Amino acid sequence: MNIATRVILRADAVVTRVATAAACAALSGALVLAFIQVVMRYVVNRPTAWTDSLLQLLIVWMVYLGLAVTFRTGALVSVDLLLQATRGVVRRVLESLVLVLCLVLLGHMVWYGSAMVGRGVSNINPVLGFAMSWAYLAIPVGGALAARAVVARFLDPQAREGAAAAPAASE
């Protein structure tokens with residue numbers, strides 16, 4: 001493995017840890033807010049309006065940050081029949097095709113998500129009073145982080161060894 005690949009994979013490890021921690025923090029915050037919402041609505045009998053809006057925001061960020069982690073770990077549901085049936089150069093060509101297709105999809109996410117961020121600047125959340133572009137920002141950020149994760153997984157020899165060992169483990 002060359003130096004550039006090692007640097008990319010080290011930086012990827014840091015970014016993946018940060019994305020994982022942020023997604024977990026968003027999940028924890030959503031859990032706390034949901035608990036507060038239930039207690040206020042059904043125990044205190046005084047529902048809060050702000051918890052629902054903030055809960056939605058946290059869940060959106062959790063999903064898009066988690067997408068990057070899921071791509072990096074290879075935990076997405078996939079149809080890998082062709083990958084299991086191939087080895088060597090054919091397998092690497094197939095992996096390259098999957099890489100390109102994922103990057104095209106994620107590129108669309110970043111492009112159109114960025115357009116949504118621009119349109120959301122004038123759309124103000126009536127309950128919390130902030131621009132909806134903060135919620136929409138999760139789409140291009142998550143897409144860019146996921147694209148980075150797809151490339152890092154493609155470059156990572158341990159991920160390839162794990163993918164090659166997976167069919168043997170399932171038999």
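Miscellaneous remarks
- Residues of the stretch 77-89 satisfying the condition of being surrounded by 12 or more Cβ atoms within 10 Å (Cβ to Cβ) and either part of a helix (DSSP H, G or I) or touching a helix residue (DSSP H, G or I) at 6+ places or on another chain (Cβ under 7 Å) (or both): Leu82, Leu83, Gln84, Thr86
- Looking only at residues in the stretch 106-158 that are of a type in the set (S, T, N, Q) and not in a helix (DSSP H, G or I), the one that is least open to solvent (accessible area, probe 1.4 Å) is Asn125.
- Filter result (part of a helix (DSSP H, G or I), in contact (Cβ under 8 Å) with a residue 60 or more places away in the chain and of a type in the set (A, V, I, L, M, F, W, C)) within the stretch 8-53: Ile8, Leu9, Val15, Ala19, Trp50
- Of everything in the stretch 9-21 that is touching a helix residue (DSSP H, G or I) at 6+ places or on another chain (Cβ under 6 Å) and either among the hydroxyl-bearing types (Ser, Thr, Tyr) or open to solvent by 40 Å² or more (accessible area, probe 1.4 Å) (or both), the residue that is farthest from Asp156 (Cα to Cα) is Thr20.
- Flag if Thr5 is of a type outside the set (A, V, I, L, M, F, W, C), surrounded by 19 or more Cβ atoms within 10 Å (Cβ to Cβ), in contact (Cβ under 8 Å) with a residue 12 or more places away in the chain and part of a helix (DSSP H, G or I): no
- Residue under evaluation Ser96, criteria (1) polar (S, T, N, Q); (2) over 26 Å from Trp61 (Cβ atoms); (3) open to solvent by 50 Å² or more (accessible area, probe 1.4 Å), criterion not met: (3)
- Test result for Gln56, under 21 Å from Ala26 (Cα atoms), over 14 Å from the mean Cα position of the chain (by Cα) and in a helix (DSSP H, G or I): yes
- Selection status of Leu57, open to solvent by 40 Å² or more (accessible area, probe 1.4 Å), touching a helix residue (DSSP H, G or I) at 6+ places or on another chain (Cβ under 9 Å) and at negative phi: no
- Note on the stretch 43-69: residues that are among the hydroxyl-bearing types (Ser, Thr, Tyr) and at pLDDT 95 or above amount to 1.
The values are calculated or read from the model by the stated rules, or taken from the named source; none is laboratory data. All figures in this text were calculated on a predicted structure; none of them were measured in a lab. All Cβ positions, even for glycine, are placed from backbone atoms using ideal geometry, and neighbour counts span all protein chains on display. Side chains included, ligands, DNA and RNA excluded: accessible areas come from the protein's heavy atoms. Shrake-Rupley method; radii C 1.70, N 1.55, O 1.52, S 1.80 Å.
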